[in-house]
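Asker: Sharing a structure below in structure tokens format, with a few things to ask.
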Amino acid sequence: ISARDTGSQALEPIAAQVEALADRIGGYVRLRRSSPAERELAVFVYNYPQGEANFGASHLNVPESLARLLRSLEAAGYGTTPLTADEITAGVQRNLRALYDPSLLADQYRRGEADLLPLAAYRAWFDALSAETQRRIVEYWGPPEDRAVRVTETGEVGFVVPRLQAGRVRILPQPLRF
């Protein structure tokens, strides 16, 4: 959170990094003071080898592990809805299918099986990045507006994020790697 001044050799704080650290500490304090039932959790699911019908990681039984995790979280007072391994498999495979076929994303959002990150919110974050970072992202992925999905009934534009909801726990497939 600091850098050495080349002239004086003194360590100088980097304001943006100090602020980011303070925000993170504040978040940890709020989390610690909240009850488990109030907390929102996200679990990313690794998908290797890639494929819309595949759901696993190094020959482990990921669906059963997640089902046990949800039961344990419920027992610990978290606001979760336990799901069976079969329910988890079906839900995650629907999410994967939508990642491989983006034409399915808007329907998945309409059915309540995905969240929407509004393009305006993403754009605010994106615009706060350095010009060099923005350039690299656009060079690799293209402009954000080209990747956004329009939900025609509402006119909303943003990034549809497929997820399986289990109470206050969201299970999300790892985004595709190109």
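The values are calculated or read from the model by the stated rules, or taken from the named source; none is laboratory data. The structure presented is a predicted model; accordingly, all values stated were derived computationally and were not measured. Here the Cβ is made from the backbone with ideal geometry for all residues, glycine too, and neighbour counts use every protein chain on show. All accessible areas refer to the heavy atoms of the entire protein, side chains included, with ligands and DNA or RNA removed. Shrake-Rupley method; radii C 1.70, N 1.55, O 1.52, S 1.80 Å.
Asker: Any idea which of A67, A106 is open to solvent by less than 30 Å² (accessible area, probe 1.4 Å) and within 16 Å of L164 (Cβ to Cβ)?
Answerer: Residue meeting the stated conditions: A67.
Asker: Pull out all pairs, ordered by first then second residue, where Cβ-Cβ is under 9 Å, the residues are six or more apart or on different chains, the first lies in segment 80-101 and is farther than 28 Å from S35 by Cβ and open to solvent by less than 40 Å² (accessible area, probe 1.4 Å), and the second is assigned to a loop (DSSP other than H, G, I, E, B) and small (G, A, S).
Answerer: Partner pairs satisfying both residue conditions: L96/G51; L96/A53.
Asker: For segment 137-178, enumerate the residues that are of a type in the set (S, T, N, Q) and either surrounded by 14 or more Cβ atoms within 10 Å (Cβ to Cβ) or modelled with pLDDT of 80 or more (or both).
Answerer: Residues satisfying the conditions are Q165, Q174.
Asker: Count, please, the residues in segment 1-57 that happen to be open to solvent by 60 Å² or more (accessible area, probe 1.4 Å), polar (S, T, N, Q) and free of Cβ contacts under 8 Å to residues at least 12 places away in the same chain.
Answerer: So the count comes out to 3.
Asker: Residues that are closer than 26 Å to R170 by Cα: find the strands (runs of 3 or more DSSP E) completely inside segment 1-59 holding 1 or more of those.
Answerer: It comes to 41-45.
Asker: Test each condition in (1) within 16 Å of I171 (Cβ to Cβ); (2) surrounded by 13 or more Cβ atoms within 10 Å (Cβ to Cβ); (3) not basic (K, R) for S72 and report the one that comes out false.
Answerer: Unmet condition: (2).
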